[in-house]
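Since the structure comes first, as structure tokens, the remarks are kept for the end.
The values are calculated or read from the model by the stated rules, or taken from the named source; none is laboratory data. Treat the numbers as computed from the prediction; the structure is a model and nothing was measured. Note: ideal-geometry Cβ built from the backbone for every residue, glycine included; neighbour counts use all protein chains shown.
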Amino acid sequence: MKKIVIYTDGACSGNPGPGGWGAILIFKDIKKEISGNMDNTTNNIMELTAVIEALKALKFPCKVDLYSDSAYVVNAFNQKWIYGWMNNGWKNSSKEPVKNKELWQELFNLTKKHDVTFYKVKGHADNEFNNRCDELARNEITNN
């Protein structure tokens, strides 16, 4: 399996409001930037969309180190929340429906195709790739 490093970020102007997402895919010394936007969305939807679109951009199964500043995304896998949601019929610990269920299902299916390890990075700090993803996402909002 080829090893890929991915950085992702999502942003929203208002929550809900116009949103954007950005991702950087790195294979050896090759970097590919992708981004997109939505008119009426939330920050969490943009964070999830960034990860989904980055994984969908991979043409074959890969070993992925995925870096995100979204505790929502990273903890869902590293704290195994997603397995609890699935086992509880997509209800959270408060017995309420999990928000963004369809996106979580799509992301979970992608993690079955790829061997993904999630890493939390500090947002708006000194990580050049996270900062660039934030810039891509914010540019999508202003260009929308």
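Would you tally the residues in the stretch 108-123 being among the hydrophobic types (A, V, I, L, M, F, W, C) and part of a helix (DSSP H, G or I)? Let's see the steps before the verdict.
Just the residues of the stretch 108-123 that are among the hydrophobic types (A, V, I, L, M, F, W, C), to begin with: 108, 110, 116, 118, 121.
From what is left, the residues that are part of a helix (DSSP H, G or I) are 108, 110.
Within the stretch 108-123, residues that are among the hydrophobic types (A, V, I, L, M, F, W, C) and part of a helix (DSSP H, G or I) number 2.
Output the residues belonging to the stretch 65-76 that are in contact with a helix residue (DSSP H, G or I) (Cβ under 7 Å, 6 or more places away or on another chain) and surrounded by 15 or more Cβ atoms within 10 Å (Cβ to Cβ). Spell out how you get there, then give the answer.
Step one: of the stretch 65-76, the residues in contact with a helix residue (DSSP H, G or I) (Cβ under 7 Å, 6 or more places away or on another chain) are 66-70, 72-73, 75-76.
If the condition is that a residue be in contact with a helix residue (DSSP H, G or I) (Cβ under 7 Å, 6 or more places away or on another chain) and surrounded by 15 or more Cβ atoms within 10 Å (Cβ to Cβ), then Leu66, Tyr67, Ser68, Asp69, Ser70, Tyr72, Val73, Ala76 are the ones that fit.
For the stretch 86-105, does any single residue satisfy the condition of being within 15 Å of Leu48 (Cβ to Cβ), modelled with pLDDT of 95 or more and over 17 Å from the mean Cα position of the chain (by Cα)?
Yes - at least one qualifying residue is present in the stretch 86-105.
Which one of Lys31, Lys80 is among the charged types (D, E, K, R), under 18 Å from Phe118 (Cα atoms) and surrounded by fewer than 20 Cβ atoms within 10 Å (Cβ to Cβ)? So that I can check it myself, show each step before the final result.
Numbers: Lys31 fails: under 18 Å from Phe118 (Cα atoms).
Just a single option satisfies the conditions, and that option is Lys80.
Does any residue in the stretch 34-56 that is more than 11 Å from Leu136 (Cβ to Cβ) come within less than 8 Å, Cβ to Cβ, of a residue that is basic (Lys, Arg) and in a helix (DSSP H, G or I) six or more places away or on a different chain, and which pairs are these?
Leu55/Lys113
If I filter the stretch 3-27 down to residues being surrounded by fewer than 20 Cβ atoms within 10 Å (Cβ to Cβ) and either at pLDDT 95 or above or under 18 Å from Asn139 (Cβ atoms) (or both), which single residue comes out as nearest to the chain's Cα centre (by Cα)? Break it down stepwise before answering.
So the first thing to find is which residues in the stretch 3-27 are surrounded by fewer than 20 Cβ atoms within 10 Å (Cβ to Cβ), and the list is 3, 5, 13-18, 26-27.
Now drop any that are not either at pLDDT 95 or above or under 18 Å from Asn139 (Cβ atoms) (or both), which leaves 3, 5, 13-14, 17-18, 26-27.
Working: Lys3: 18, Val5: 13, Ser13: 18, Gly14: 19, Gly17: 18, Pro18: 17, Ile26: 15, Phe27: 18 Å.
Restricting to residues being surrounded by fewer than 20 Cβ atoms within 10 Å (Cβ to Cβ) and either at pLDDT 95 or above or under 18 Å from Asn139 (Cβ atoms) (or both), the top hit is Val5.
A quick yes/no check of all residues on (1) closer than 27 Å to Pro18 by Cα; (2) charged (D, E, K, R); (3) part of a loop (DSSP other than H, G, I, E, B):
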residue: Ser93; (1), (2), (3): no, no, yes
residue: Glu106; (1), (2), (3): yes, yes, no
residue: Ala125; (1), (2), (3): yes, no, yes
residue: Asn130; (1), (2), (3): yes, no, no
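Which one is modelled with the lowest pLDDT, of the residues in the stretch 118-144 that are exposed (fewer than 13 other Cβ atoms within 10 Å of the Cβ) and of a type in the set (S, T, N, Q)?
Asn143
For Lys80, only one of the following conditions fails: (1) among the basic types (Lys, Arg); (2) touching a residue at least 12 places away in the same chain (Cβ under 8 Å); (3) more than 15 Å from Ala11 (Cα to Cα). What is its number?
Among (1) among the basic types (Lys, Arg); (2) touching a residue at least 12 places away in the same chain (Cβ under 8 Å); (3) more than 15 Å from Ala11 (Cα to Cα), the lone unmet condition for Lys80 is (2).
Residues Phe77, Phe118, Phe60, Phe108: which one is over 13 Å from the mean Cα position of the chain (by Cα) and among the aromatic types (Phe, Trp, Tyr)?
Values: Phe77 fails: over 13 Å from the mean Cα position of the chain (by Cα); Phe118 fails: over 13 Å from the mean Cα position of the chain (by Cα); Phe108 fails: over 13 Å from the mean Cα position of the chain (by Cα).
The match here is Phe60.
Of the residues Asp65, Asp9, which single one is touching a residue at least 40 places away in the same chain (Cβ under 8 Å) and over 18 Å from His124 (Cβ atoms)? Quick ask: steps written out before the conclusion?
Values: Asp9 fails: over 18 Å from His124 (Cβ atoms).
Exactly one of Asp65, Asp9 is touching a residue at least 40 places away in the same chain (Cβ under 8 Å) and over 18 Å from His124 (Cβ atoms), namely Asp65.
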